[in-house]
Amino acid sequence: MTMRDRALRGRVIAVTGASKGIGWAVTQALTAQGARVIAGARDVGGLQLDGAEFWRLDVTDEASVDAFARAAVRAGVDALVNNAGVGSFQPVEEITPAEYRRVMDTNVLGTLLVTRGLIPHFRERYARGEGSQVVNVTSDVSARTFAGGALYTASKYAQRAVTQALAYEGRAYGLRVTEIRPGMVDTFFAGSVQGAAHKAGWLRPDDVADAVLYALTAPLHARIDEVLLHPVEQDVVF
Ligand SMILES: NC(=O)c1ccc[n+]([C@@H]2O[C@H](COP(=O)([O-])OP(=O)(O)OC[C@H]3O[C@@H](n4cnc5c(N)ncnc54)[C@H](OP(=O)(O)O)[C@@H]3O)[C@@H](O)[C@H]2O)c1
């Protein structure tokens, strides 16, 4: 048994956006190492994985988030991975209110709602002497932007701000918070095709899952605040 197995066996971790891409890789990696995963996404039809419990979750919908949070609490969740997200790229002059709401509601409000749903439980865990973790998958563009990126990067800057505020607040109830900031990852992101030739050198979902597991398996005295990772073929950017 590896050290990671020991750190993950018996743990219960809620993962949003678990149906494909990075979230699916995180769910697979966690269950493979003995964790139980409460896995949520809007389309979970037909998904099956030993150790994972799939829930129909729309992170923008309060009732749906409440049901997911209740399931996670019933299972004894000790960590949350906020990964659900959408991408949308266009110049400022083409951003519509409807698209603004779709992106902000998913990437920002979704992170807030799911996290808020678990905080009372994290506080109870703290009262019993147990800490908890939140890992937010934001992006390398949570702190820089580019032409065509106004809407998406605004949502990721905001998600970073939520992550950092939560880290300050969570110290009072034993919460360790991590921001994972990947560069280009070969997934289904923004309606793209996974495995397309031009993505051959990009990060794989497993690379990001590794970073998430690094944060989740940090020793109890260590807090991984942030992980920034890029494919070598991407420009060096901070
Ligand atoms: N790919 C990249 O280059 C890249 C780089 C940096 C950061 N990221 C971030 O990584 C995260 C995961 O993206 P990905 O690349 O893995 O994209 P993906 O392959 O499109 O997967 C996105 C996941 O989010 C779920 N999702 C979307 N809207 C949702 C909602 N309202 N409620 C619940 N789940 C929802 C999707 O499932 P359903 O559609 O079934 O709900 C899917 O499971 C996102 O936050 C993204 O911003 C991606």
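The values are calculated or read from the model by the stated rules, or taken from the named source; none is laboratory data. Keep in mind that this is a model prediction, so the values were computed, not measured. Please note: Cβ atoms are built from the backbone with ideal geometry, for glycine as well, and neighbour counts cover all protein chains shown. Quick note on the areas: whole protein, heavy atoms, side chains included, nothing else; ligands and nucleic acids left out. Shrake-Rupley method; radii C 1.70, N 1.55, O 1.52, S 1.80 Å.
Out of curiosity, is Ala84 touching a residue at least 40 places away in the same chain (Cβ under 8 Å), open to solvent by 10 Å² or more (accessible area, probe 1.4 Å) and touching a strand residue (DSSP E or B) at 6+ places or on another chain (Cβ under 7 Å)? Considered against the rule, which asks whether it is touching a residue at least 40 places away in the same chain (Cβ under 8 Å), open to solvent by 10 Å² or more (accessible area, probe 1.4 Å) and touching a strand residue (DSSP E or B) at 6+ places or on another chain (Cβ under 7 Å), Ala84 comes out as yes.
Checked against (1) open to solvent by 60 Å² or more (accessible area, probe 1.4 Å); (2) within 12 Å of the ligand (Cβ to nearest atom), Leu112 passes all but a single condition, namely (2). The set of residues in region 52-68 being open to solvent by less than 40 Å² (accessible area, probe 1.4 Å) and touching a strand residue (DSSP E or B) at 6+ places or on another chain (Cβ under 8 Å) consists of Ala52, Leu57, Val59, Ser64, Ala67, Phe68.
Candidates Val227, Val185, Val237: the one that is modelled with pLDDT under 95 and surrounded by 11 or more Cβ atoms within 10 Å (Cβ to Cβ) is Val237.
No other residue among Leu166, Leu216, Leu220 is surrounded by 15 or more Cβ atoms within 10 Å (Cβ to Cβ) and either farther than 30 Å from Gln90 by Cβ or touching an Asp or Glu at 6+ places or on another chain (Cβ under 7 Å) (or both) apart from Leu216.
Selection of region 69-81 for residues being open to solvent by less than 40 Å² (accessible area, probe 1.4 Å), free of Cβ contacts under 8 Å to residues at least 60 places away in the same chain and farther than 21 Å from Val162 by Cα yields only Ala71. With respect to the conditions (1) hydrophobic (A, V, I, L, M, F, W, C); (2) closer than 19 Å to Val86 by Cβ; (3) in contact (Cβ under 8 Å) with a residue 12 or more places away in the chain, Val193 lacks only one, and its number is (3).
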